[in-house]
1. Sorting CYS315, CYS353 on the 10 Å Cβ count, fewest up front, what's the list?
2. How would LYS227, LYS88 line up from fewest to most surrounding beta-carbon atoms within 10 angstrom?
3. Residue separation times 0.36 nm, minus the C-alpha to C-alpha distance between GLU144 and ARG58: what's the value?
4. In whole Hz, with x marking every Gly and Pro, tabulate ³J(HN,Hα) for region 272-286 from phi via Karplus 6.51 cos²θ - 1.76 cosθ + 1.60, θ = phi - 60°.
5. Using modelled backbone amide H atoms (1.01 Å from N, in-plane), which distant-in-sequence or interchain residues come within less than 5 Å of HIS98's amide H?
6. With each pseudo-label sitting 7 Å past Cα toward Cβ, what's the TYR316-SER11 distance in nm, one decimal?
7. Any chance you could tell me what percent of the C-alpha pair distances in region 296-395 go past 16 Å?
8. Normalised by the residues of the chain, what does the relative contact order come to in percent, with Cα pairs under 8 Å and at least six apart?
Amino acid sequence: MNILVLNCGSSSLKFQLIATDLERIADNSDQKLAHGQIERIGGAAIITLTAEGKTPQRSAAPVRDIKSAVETIVRWIASDASEIDEIKSLADIHAVGHRVVHGGEKFTESALITDEVLRGIEDCIELAPLHNPANIRGINAAREIFGGIPQVAVFDTAFHQTLPEKAFLYALPYQLYRRHKIRRYGFHGTSHRYVAYRYRTINNLLRENVNVITLHLGNGCSIAAIKRGNSIDTSMGLTPLEGLVMGTRSGDVDAAIIEFIASKEGLTVQEVETLLNTQSGLLGISGLTNDMRELLAESNENNDRRARLAIEIFCYRAGKYIGAYLAAMNGADTLIFAGGIGENSAEVRRLICENLSWMGIELDEKLNESFIGGREGIISTDAAKLKIYVIPTNEELLIARDTARLINADASKLR
Ligand code: ADP
């Protein structure tokens, strides 16, 4: 079956069209048919549409809202212009899988979208006021455009719902959790789950034998401790701001900093939160960019001190979390790198690992240098006590697969 995967943001929409079913899942032969994105929805949008193996088609046109964006994509997919051989008309799209950012405590796995599920997603709006409304608009648009075809919601938070209380509760007055559900939820769950799943597939392991630490290092960054196949701790918290240093987010800071910055800089609490989310992290430290590739170039070629400092702080924080999670898990078998930085930067992987040799973490320099650009495999030495893998993440594929599984009533592998 052909599944449209939608990731709707407040002003952008990304999609993939993936052919998959239970047989293809079993032999890992799913096929990506097309992908693309629409940016700057609400104004003069930039549209990029690509059939796999063909040249990307770029255009600019006004796109009013998410519904118009979904219509633009679907119209293109079903038209001759798209050159997707498998699709002749709208009827050749059989289901839609949606990335939904927040599933609160309600959704512990992906769900076939019904009116009740939609209400559940609406209930989580207060936890993700920017993201869930956009996801809901995408679901409603797809319902209007496709009528009754099955739709599935795949939640960023669901995989982390196995965290024990001691890991998900903040040391705040307990009533705040009771009253407002203030707790650690964790995000990037689809990515952490996917790479843990790939790891167990590559090594032919049972789920309960997967004891790994997964590092998703992209623009957003998070780390998860996965014990016996379940997430038992993760660095992002109530929101995706907590934890590792990210492209523009600070990650962990002393909570008192907020009031301090507000009074020193004459900002509101909301403005300080924006500063922590959009002007901090790699961008804030370097004063240059949130892009790790550019920072590495500035540091190595131009000897830029603050670029180097940003990279150092980024890697130092990641190393500290690895140590913490090894303690949380009482040891792990493997460390897995994923995300744009984790999959492509041998230098960042080396900087993160070089201080961890006492834990039995030892990179094979040659392997490390060669596993870039989407290669999947092991990069630690034979003697290393803790193995290290690079596993390119693929959240869209997992969304398509969950959609296929739920439609075929195969709920056995939703975790
Ligand atoms: P997102 O979280 O938006 O999906 P990605 O996972 O694509 O982002 O990661 C983007 C980050 O990956 C950027 O900081 C980018 O510079 C970095 N990156 C991509 N390729 C490389 C590379 N070859 N070396 C270092 N960093 C890279």
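Since every read-out is calculated from the coordinates, none of them should be taken as a lab result. No experiment lies behind these values; they were computed from the predicted model shown. So basically every Cβ, Gly included, is an ideal-geometry build from the backbone, and we count neighbours across all protein chains shown.
1. CYS315, CYS353
2. Sorted ascending by nearby Cβ count, the order is LYS88, LYS227.
3. Stretched fully, the GLU144-ARG58 segment lengthens by 28.3 nm.
4. 5, 4, 4, 4, 5, 8, 10, 10, 10, x, 4, 5, x, 5, 6
5. Here the answer is LEU6, VAL152, ALA153, VAL154, since their amide H atoms fall under 5 Å of that of HIS98.
6. Once both label points are built, they end up 3.4 nm from each other.
7. That fraction is 57 percent.
8. 14
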